[in-house]
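Worksheet: one structure, shown below.
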Amino acid sequence: GAVVSQHPSWVICKSGTSVKIECRSLDFQATTMFWYRQFPKQSLMLMATSNEGSKATYEQGVEKDKFLINHASLTLSTLTVTSAHPEDSSFYICSASAEAKNIQYFGAGTRLSVL
Amino acid sequence: SQKIEQNSEALNIQEGKTATLTCNYTNYSPAYLQWYRQDPGRGPVFLLLIRENEKEKRKERLKVTFDTTLKQSLFHITASQPADSATYLCALEGRGGYQKVTFGTGTKLQVIP
């Protein structure tokens, strides 16, 4: 149980285009979903926390207009990188947790390369 | 500022031995401490959670200790196998309702056959 599916696993796009990443909890209801960014050999950096039906809470330094997060249902959250630039190239990982649980279940990650 | 330290150097051990990884933290009073495993190009996988009032937790070949006085957690893998080779992350969650989880940079473990 506790499977989180993240799609796509790898995406290449041209500079200036937008990219949408999906995160789904397959066998549980995720009251909270998280979006992280990870650079090589570095730790996961939390970008934002989203609760179903409400606006995401962004971490300091993360542009909310750049990284649009939607958490429309208890099983789906999306991250849209708008007007992507090469500096946005990174490994993006989502995670989900159920109500009153401290454990996060992670997706497999999305490798974004912006040309 | 809050800081989580894990040995950035890779740990190489012989198959069958016990691997011990360290997580130290400063300026933090976590309510929970977690350990995750991350393989290259993949998301982390939850392994164990230990609460501040617990000294030790075990799961199969894994053991975690939590010393709030030393501000340190030790993660042990007994009878290590090459399949245990991965990066292991510790993560801390604060107290007082929901608090975000902060991850360490991880230690890479290599088990040599």
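The values are calculated or read from the model by the stated rules, or taken from the named source; none is laboratory data. No experiment lies behind these values; they were computed from the predicted model shown. FYI the Cβ positions are ideal-geometry reconstructions off the backbone, even for glycines, and counts take in every protein chain you see. When the accessible area is computed, the model is the full protein with side chains, heavy atoms only, and any ligands, DNA or RNA have been set aside. Shrake-Rupley method; radii C 1.70, N 1.55, O 1.52, S 1.80 Å.
Checked against the criteria, residue B:65 counts as buried (at least 16 other Cβ atoms within 10 Å of the Cβ) and more than 14 Å from every other protein chain (Cβ to nearest Cβ).
Go through the stretch A:1-30 and report how many residues are β-branched (Val, Ile, Thr), open to solvent by less than 60 Å² (accessible area, probe 1.4 Å) and either in contact with a helix residue (DSSP H, G or I) (Cβ under 7 Å, 6 or more places away or on another chain) or assigned to a loop (DSSP other than H, G, I, E, B) (or both). Write out each step before concluding.
Of the residues in the stretch A:1-30, the ones β-branched (Val, Ile, Thr) are A:3-4, A:11-12, A:17, A:19, A:21.
Still in the running and open to solvent by less than 60 Å² (accessible area, probe 1.4 Å): A:4, A:11, A:17, A:19, A:21.
Narrowing further to those that are either in contact with a helix residue (DSSP H, G or I) (Cβ under 7 Å, 6 or more places away or on another chain) or assigned to a loop (DSSP other than H, G, I, E, B) (or both): A:17.
Within the stretch A:1-30, residues that are β-branched (Val, Ile, Thr), open to solvent by less than 60 Å² (accessible area, probe 1.4 Å) and either in contact with a helix residue (DSSP H, G or I) (Cβ under 7 Å, 6 or more places away or on another chain) or assigned to a loop (DSSP other than H, G, I, E, B) (or both) number 1.
Is there a residue being more than 9 Å from chain A (Cβ to nearest Cβ), crowded, with 19+ Cβ neighbours inside 10 Å and of a type outside the set (D, E, K, R) anywhere in the stretch B:94-103? Within the stretch B:94-103, none of the residues are more than 9 Å from chain A (Cβ to nearest Cβ), crowded, with 19+ Cβ neighbours inside 10 Å and of a type outside the set (D, E, K, R). Only one of the numbered conditions (1) on the phi > 0 side of the Ramachandran plot; (2) open to solvent by 60 Å² or more (accessible area, probe 1.4 Å); (3) without any contact (Cβ under 8 Å) to a residue 24 or more places away in the chain is violated by residue B:55, and that is (1).
Can you name the residue in the stretch A:46-58 that is touching a residue at least 12 places away in the same chain (Cβ under 8 Å) and more than 8 Å from chain B (Cβ to nearest Cβ) and, of all such residues, is surrounded by the fewest Cβ atoms within 10 Å (Cβ to Cβ)? Step through it out loud before you land on a result.
Residues of the stretch A:46-58 that are touching a residue at least 12 places away in the same chain (Cβ under 8 Å), as a first pass: A:46-54, A:56.
With the extra rule that they be more than 8 Å from chain B (Cβ to nearest Cβ), the set shrinks to A:47-48, A:50-54, A:56.
Numbers: A:47: 22, A:48: 21, A:50: 25, A:51: 16, A:52: 16, A:53: 10, A:54: 8, A:56: 21.
The qualifying residue surrounded by the fewest Cβ atoms within 10 Å (Cβ to Cβ) is A:54.
So is residue A:64 away from every other protein chain (no Cβ under 14 Å), part of a loop (DSSP other than H, G, I, E, B) and open to solvent by 40 Å² or more (accessible area, probe 1.4 Å) or not? Spelling it out, residue A:64 is indeed away from every other protein chain (no Cβ under 14 Å), part of a loop (DSSP other than H, G, I, E, B) and open to solvent by 40 Å² or more (accessible area, probe 1.4 Å). For the stretch B:26-35, the criterion of being surrounded by fewer than 16 Cβ atoms within 10 Å (Cβ to Cβ), within 14 Å of chain A (Cβ to nearest Cβ) and over 21 Å from residue A:97 (Cα atoms) is met by no residue. Of the numbered criteria (1) farther than 30 Å from residue A:57 by Cβ; (2) more than 14 Å from chain A (Cβ to nearest Cβ); (3) at pLDDT 95 or above, the one residue B:73 fails is (1).
Just the residues that are open to solvent by 60 Å² or more (accessible area, probe 1.4 Å) and β-branched (Val, Ile, Thr), please, taken from the stretch B:36-52. Let's see the steps before the verdict.
Of the residues in the stretch B:36-52, the ones open to solvent by 60 Å² or more (accessible area, probe 1.4 Å) are B:40, B:42, B:45, B:51-52.
Of everything in the stretch B:36-52, just one residue is open to solvent by 60 Å² or more (accessible area, probe 1.4 Å) and β-branched (Val, Ile, Thr), namely B:45.
Among residues of the stretch B:1-23 being hydrophobic (A, V, I, L, M, F, W, C) and surrounded by 15 or more Cβ atoms within 10 Å (Cβ to Cβ), the one that is farthest from the chain's Cα centre (by Cα) is B:13. Residues in the stretch A:67-99 that are of a type in the set (D, E, K, R) and open to solvent by 50 Å² or more (accessible area, probe 1.4 Å): A:87, A:99. Looking at (1) surrounded by 19 or more Cβ atoms within 10 Å (Cβ to Cβ); (2) modelled with pLDDT under 90; (3) closer than 23 Å to residue B:49 by Cβ, find the lone condition where residue A:102 falls short. The one condition residue A:102 does not meet is (1). Working only within the stretch B:75-92, note down all residues that are buried (at least 18 other Cβ atoms within 10 Å of the Cβ) and not in a loop (DSSP other than H, G, I, E, B). Listed by number, the residues that qualify are B:75, B:77, B:84, B:86, B:87, B:88, B:89, B:90, B:91, B:92.
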